[in-house]
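Engineer: The structure is given below, and queries will be raised subsequently.
Each value in this text was obtained by applying a stated rule to the coordinates, not by laboratory testing. Everything quoted here is computed from the prediction, not taken from an experiment. Cβ placement follows ideal geometry from the backbone for every residue including glycine, while neighbour counts extend to all protein chains displayed.
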Amino acid sequence: MDDKQRLDKGTAKRRKVLGDAWVDKSAANRNSFNADFLDLISRYAWGDIWQRPHFDDRTRRILVIGTMVALGQWDEFRLHARAALAEGGFTPDDIKEILLQQAIYCGVPAANHAVKEANAIIQELGLLKG
């Protein structure tokens with residue numbers, strides 16, 4: 001696969017995982033400074049790694065959400081948690097189970113912050129029950 005094909009496949013996967021609205025917003029903010037970086041992540045993260053056949057998208061989402069908790073990367077955590085709920089068929093219980101698991105392996109402070117962030121997203125999406 002050449003770079004153009006990888007970019008096209010990566011952009012399509014990025015749209016599938018994160019949603020058209022997010023990718024369109026990102027594209028609207030493209031400029032001469034960030035264009036090379038956006039192409040890089042589209043080709044390699046989305047066009048290569050997310051295309052590999054071993055794990056399905058659901059498993060990759062779980063890995064990314066858990067990793068963002070571990071690293072304390074809250075912008076990316078919010079992005080991927082919201083996309084999992086809005087685009088990926090995840091339920092609030094799915095996110096809760098990821099965060100309970102991460103509380104053990106990443107620590108309660110990281111999971112505590114993740115619960116706060118996820119709770120806000122779940123409320124914004126109207127998915128909170130009781």
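Engineer: Could you give the distance between the Cα centres of the stretch 83-100 and the stretch 25-66, to the whole Å?
Structural biologist: Taking the Cα centre of the stretch 25-66 as reference, the centre of the stretch 83-100 is 19 Å away.
Engineer: Contour minus end-to-end for Ala27 and Asp57, with contour as 0.36 nm per residue of separation and end-to-end as the Cα-Cα distance?
Structural biologist: Extra length available between Ala27 and Asp57 comes to 8.5 nm.
Engineer: HN-Hα J couplings of the stretch 64-73 from phi, Karplus 6.51/-1.76/1.60, θ = phi - 60°, integer Hz, Gly and Pro as x?
Structural biologist: For the stretch 64-73, the Karplus curve yields 5, 4, x, 5, 5, 5, 4, 8, x, 8 Hz.
Engineer: Okay, next question. What range in the chain is the longest one free of chymotrypsin sites (Phe, Trp or Tyr not before Pro) that are in a loop by DSSP and have at most 16 other Cβ atoms within 10 angstrom?
Structural biologist: No qualifying site falls inside 56-130, the longest such stretch.
Engineer: Right, another one. Could you identify which residue out of Thr67, Thr59, Thr11 has the top mean-square fluctuation in a GNM of the chain using Cα springs shorter than 10 Å?
Structural biologist: For the chain, modelled as a Gaussian network with Cα springs under 10 Å, the answer is Thr59.
Engineer: Quick one: net charge of Arg82's neighbours, Cβ under 10 Å, K/R +1, D/E -1?
Structural biologist: Local charge sum for Arg82: -2.
Engineer: What list do you get for Arg82, Arg52, Arg30 if you sort them by fewest beta carbons within 10 Å?
Structural biologist: With the sparsest Cβ surroundings first, the list reads Arg52, Arg30, Arg82.
Engineer: Between Leu125 and Lys4, what FRET efficiency comes out of the Förster formula 1/(1 + (r/R0)^6) with R0 = 35 Å and r the beta carbon distance, rounded to 0.05?
Structural biologist: 0.50
Engineer: Pick the calculated semi-axes √(5λ) of the Cα gyration tensor in Å for this structure from [x] 27, 16, 14; [y] 19, 17, 14; [z] 30, 21, 11?
Structural biologist: [x]
Engineer: Starting with the fewest neighbours, write out Glu124, Glu87 ranked by other beta-carbon atoms found within 10 Å of each beta-carbon.
Structural biologist: By the 10 Å Cβ count, ascending: Glu124, Glu87.
Engineer: Suppose R0 equals 35 Å; then what is the FRET efficiency for Gln101 and Leu40 from their Cβ-Cβ distance, rounded to the nearest 0.05?
Structural biologist: Taking R0 as 35 Å, the efficiency between Gln101 and Leu40 is 0.70.
Engineer: Wrap a convex hull around the Cα atoms of the stretch 3-51, take a quarter of its surface area, and give that in square nanometres.
Structural biologist: The number I arrive at for the stretch 3-51 is 3.0 nm².
Engineer: For Cα pairs less than 8 Å apart in space and 6+ apart in sequence, what is the mean separation divided by the residue count of the stretch 1-97, i.e. the relative contact order in percent?
Structural biologist: With pairs under 8 Å counted, the relative contact order is 35 percent.
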